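In what follows, a single structure is set out as structure tokens and then discussed.
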């Protein structure tokens, strides 16, 4: 459930909001409201956002014959363009996961505070 | 609570770090993101989308047809709309290049690249490129045609910039974390000044002054002044021609142009060829396009940032350029009254300087201020603050400065020349057009359906003396320039009886020409080869011209190698395969073909030989001096074999030319063996020589480097490392004009586009693409890639 929420809204954010970290509040809020466990929140954020980025990247790069991806790999001194894909996966997954985990943590905090 | 705080801070910090530029490292999150990052710049290979855009500022529809090489063909109903559309579509393909060139010329790179670019910025501003552009602006705007041209183009570029988003910025803006700024009319003019600086901005006067101090006037004239055969415009009455003296350089860029008359061509109409050579870059220096409006229909290459076509053809005529290589700059010693530099000595009195305070915004640093002082002899580029950069042997005092008098600084309207050339129907139109081209002076070749012509056109200063190659005295009115060669008296010829005109950066005119034009000219070998080939040519067609552009025969090797070999004993070569090497050299056809091993050996030998003869004389510690050109070496080896200059060589048998030649040969062979192993396939010219097409922003991953190129400096196909033909073009005039051309790169400036470098294989292979010259937007002779329509 959380995974699909993040995927859907993260994708919409990536397409419609021209800021690369637009998914941070999206994942945060989704994790906050669905209120799953810490691992669930992190990994749903991680995999959903990684999937969003990797799909969007391949959708751009494959029709391009990966011309630019190869050149950019050279720019970053990487041996192959798929390393860039992996890097993008780590960035989107890492930040996505972290956002989900923070959403979960704050929900826990608010639940505890009335006591 | 602590846990929440720690993780939240971690998240915010990570997002911040990924959104921030560190030094030259781009903001990683932004750059890697599929929605804002570089992936957005990955153009689909088969993008054939046609669409229309509504644009404020144009008056009627403009249709842009992109052909299969991504060359845009523009069809407009007025001049203004045409140049508006040119601005828009050029920016669409080359915005970063345009921006970078304009910023370079106006000394504003530090705004993007920070401190590291500041030195270069200060130099460009002191050279006064912006000052020159501002001087030209008034003249350009005073002419109705060029005003429309410039203002239309500017508006078009800005219309493109305005519809960009951060996601659609060219990729370099993302990598360097900056944004495009509004294009101003003066950006176009400063781009033209940058070209002028590239082609006429040499500083050899300081080195010559050093040589004068070290060697004295007699030696200088012995080493550096000579007459050359094959001037661009030969004396009319003589068969073989001698020419006015000039310094010649061995490293001049190797542009060629020529046109043959109807009598020499197979179809009875003139044919014109041009391959301007420059430092090769990606994106390509040139941008191909066709410009059509009710008054004109021209095809050719333009300079990104500048409206109009520079080298090309229309329905009636064709034209092209090589650099005239004339000396249109002089450095003057300026004596300031005191450290304020408010006044300088002129004609026995103190004359006021004009100050221009320059503010530099430095990214990541504090603003920097610098004042340039302007004299009647131009801006003071070097003064007490940066004297060392001149390399002068006798350092100047703190109250001394060096100003640069340059035709580039004078008001001129080169856009008018482009405007008129694009519309030229005949010889008279061509002559009227190029009279507007002041700087950089160029050899303009021309052909219409009946006539051919060549004009060395530009503002050529007149001096009182022969001190043009040294520093001049800024306090003496006698050292001032004394005016110009009138524009209608610069060297030219029309329809010569020999049936062709040609130029290859060589000396401009023969002895019969009444004016003196000094310069840093190319050696005469390319010119000789072109002229001798065209002399012989009959029934020529486009392919004859193409093959001549690709000709790798070295007149220089042919002239000198037989004499060199006389000194070598084939049985006494102290390296393996000695006899084979000797035989290959002795039977060489003097062509720098990719398979030639002799070409490699000759090149290494020649280089060692020049070092051997001139090294001990010219390489004095800490003194910058120009080296004598190859012709002097050739003359020592072939005619003047007991020259006194041989006496300076540090060799076991002092002064024995044979020993020097042999020592250079052995040294060259040992070095080649060390680098390429035993004499064999690895010594082939195509494996040793290379071509490097460097990215304009110096990004290695966006650059291309390859072996397998023929040609060498001083052959017609003069490819040497980073320098080569930046555009090859052949145009066959006739009932319908046919053009052929190739770029060492492509149409797009986007490294993420197939069209960034797709023409390189054809360029390397010496092939030309047929240039599609359309009559109207509805001309359906061939498949078009896409159509872009601008609607008001």
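The values are calculated or read from the model by the stated rules, or taken from the named source; none is laboratory data. Being a predicted model, the structure only gives us computed values, none of them experimental. For neighbour counting, all protein chains shown are included, and Cβ atoms are generated from backbone atoms with ideal geometry for every residue, glycine included.
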Yes or no: residue B:543 out of contact with any helix residue (DSSP H, G or I) (no Cβ under 7 Å at 6 or more places or on another chain), closer than 28 Å to residue B:765 by Cα, modelled with pLDDT of 95 or more and in a loop (DSSP other than H, G, I, E, B)? no
Considering only residues that are at the interface with chain B (Cβ under 7 Å from one of its Cβ atoms) and more than 24 Å from residue B:754 (Cβ to Cβ), look in segment A:64-91 and name the one that is surrounded by the fewest Cβ atoms within 10 Å (Cβ to Cβ). A:87
Check segment B:321-337 and report whether any residue there is at pLDDT 95 or above, under 30 Å from residue B:706 (Cβ atoms) and in contact with a strand residue (DSSP E or B) (Cβ under 6 Å, 6 or more places away or on another chain). yes
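Matching residues to (1) over 22 Å from the mean Cα position of the chain (by Cα); (2) touching a residue at least 40 places away in the same chain (Cβ under 8 Å); (3) assigned to a helix (DSSP H, G or I):
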position	(1), (2), (3)
B:115	yes, yes, yes
B:131	no, yes, yes
B:134	yes, yes, yes
B:137	yes, yes, yes
B:149	yes, yes, yes
B:156	yes, yes, yes
B:178	yes, yes, no
B:205	no, yes, yes
B:212	yes, yes, yes
Could you please let me know if residue B:193 is within 14 Å of chain A (Cβ to nearest Cβ), in contact with a helix residue (DSSP H, G or I) (Cβ under 7 Å, 6 or more places away or on another chain), more than 19 Å from residue B:89 (Cα to Cα) and assigned to a helix (DSSP H, G or I)? no
Please verify whether segment B:36-43 includes one or more residues that are closer than 27 Å to residue B:783 by Cβ, in contact (Cβ under 8 Å) with a residue 12 or more places away in the chain and surrounded by fewer than 24 Cβ atoms within 10 Å (Cβ to Cβ). yes
Can you tell me how many residues within segment B:441-476 are part of a strand (DSSP E or B) and farther than 26 Å from residue B:425 by Cα? 3
Can you name the residue in segment B:281-302 that is modelled with pLDDT of 95 or more and not in a strand (DSSP E or B) and is also nearest to residue B:728 (Cα to Cα) among such residues? B:286
Being within 14 Å of chain A (Cβ to nearest Cβ) and closer than 30 Å to residue B:741 by Cα is true for just one of B:20, B:48. Which residue is that? B:48
Please state which one of B:746, B:710 is touching a residue at least 12 places away in the same chain (Cβ under 8 Å), under 21 Å from residue B:45 (Cβ atoms) and surrounded by 18 or more Cβ atoms within 10 Å (Cβ to Cβ). B:746
Given (1) part of a helix (DSSP H, G or I); (2) free of Cβ contacts under 8 Å to residues at least 60 places away in the same chain, where does residue A:28 come up short, assuming only one miss? (2)
For segment B:164-175, which residues satisfy the criterion of being within 12 Å of another protein chain (Cβ to nearest Cβ) and either out of contact with any helix residue (DSSP H, G or I) (no Cβ under 9 Å at 6 or more places or on another chain) or under 18 Å from residue B:117 (Cβ atoms) (or both)? B:165, B:172, B:175
Among the residues of segment B:400-418, write down those that are closer than 18 Å to residue B:308 by Cα and in contact with a strand residue (DSSP E or B) (Cβ under 9 Å, 6 or more places away or on another chain). B:417, B:418
If you go through segment B:329-355, how many residues are surrounded by fewer than 17 Cβ atoms within 10 Å (Cβ to Cβ) and within 35 Å of the chain's Cα centre (by Cα)? 2
Entirely in segment B:477-535, the strands (runs of 3 or more DSSP E) that have 2 or more residues that are more than 18 Å from residue B:453 (Cβ to Cβ): B:520-522
Being within 7 Å of chain B (Cβ to nearest Cβ) and closer than 24 Å to residue A:2 by Cα narrows it down to one of A:61, A:99, A:41, so name that one. A:99
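Yes/no matrix, rows are residues, columns are (1) within 14 Å of another protein chain (Cβ to nearest Cβ); (2) more than 25 Å from residue A:71 (Cβ to Cβ); (3) in contact with a strand residue (DSSP E or B) (Cβ under 8 Å, 6 or more places away or on another chain); (4) crowded, with 17+ Cβ neighbours inside 10 Å:
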| position | (1), (2), (3), (4) |
| --- | --- |
| B:676 | no, yes, no, yes |
| B:679 | no, yes, no, yes |
| B:687 | no, yes, yes, no |
| B:691 | no, no, yes, yes |
| B:705 | yes, no, yes, no |
| B:717 | no, yes, yes, yes |
Which one is nearest to the other protein chains (Cβ to nearest Cβ) among residues in segment A:22-35 that are surrounded by fewer than 23 Cβ atoms within 10 Å (Cβ to Cβ) and at pLDDT 85 or above? A:22
All but one of (1) in contact with a strand residue (DSSP E or B) (Cβ under 9 Å, 6 or more places away or on another chain); (2) more than 10 Å from chain A (Cβ to nearest Cβ); (3) under 23 Å from residue B:747 (Cβ atoms); (4) at pLDDT below 95 hold for residue B:86; state the number of the condition that does not hold. (4)
Looking at (1) in contact with a helix residue (DSSP H, G or I) (Cβ under 6 Å, 6 or more places away or on another chain); (2) in a helix (DSSP H, G or I); (3) at the interface with chain B (Cβ under 10 Å from one of its Cβ atoms), which is the only condition residue A:15 fails? (1)
For segment B:406-428, state whether one or more residues are over 23 Å from the mean Cα position of the chain (by Cα), assigned to a loop (DSSP other than H, G, I, E, B) and crowded, with 22+ Cβ neighbours inside 10 Å. yes
Looking at B:82, B:11, which is the one that is buried (at least 16 other Cβ atoms within 10 Å of the Cβ) and under 36 Å from the mean Cα position of the chain (by Cα)? B:82
Does residue A:5 satisfy the condition of being within 20 Å of residue B:35 (Cα to Cα), away from chain B (no Cβ under 12 Å) and assigned to a helix (DSSP H, G or I)? yes
Of the residues in segment B:613-633 that are over 26 Å from the mean Cα position of the chain (by Cα) and modelled with pLDDT of 85 or more, the one that is surrounded by the most Cβ atoms within 10 Å (Cβ to Cβ) is B:613
From (1) more than 7 Å from chain A (Cβ to nearest Cβ); (2) closer than 18 Å to residue B:751 by Cα, pick out the condition that doesn't hold for residue B:38. (1)
Give the residues of segment B:367-389 that are within 15 Å of residue B:122 (Cα to Cα), at pLDDT 95 or above and not in a strand (DSSP E or B), sorted by residue number. B:367
Test result for residue B:306, crowded, with 23+ Cβ neighbours inside 10 Å, at pLDDT 95 or above and in contact with a helix residue (DSSP H, G or I) (Cβ under 9 Å, 6 or more places away or on another chain): yes
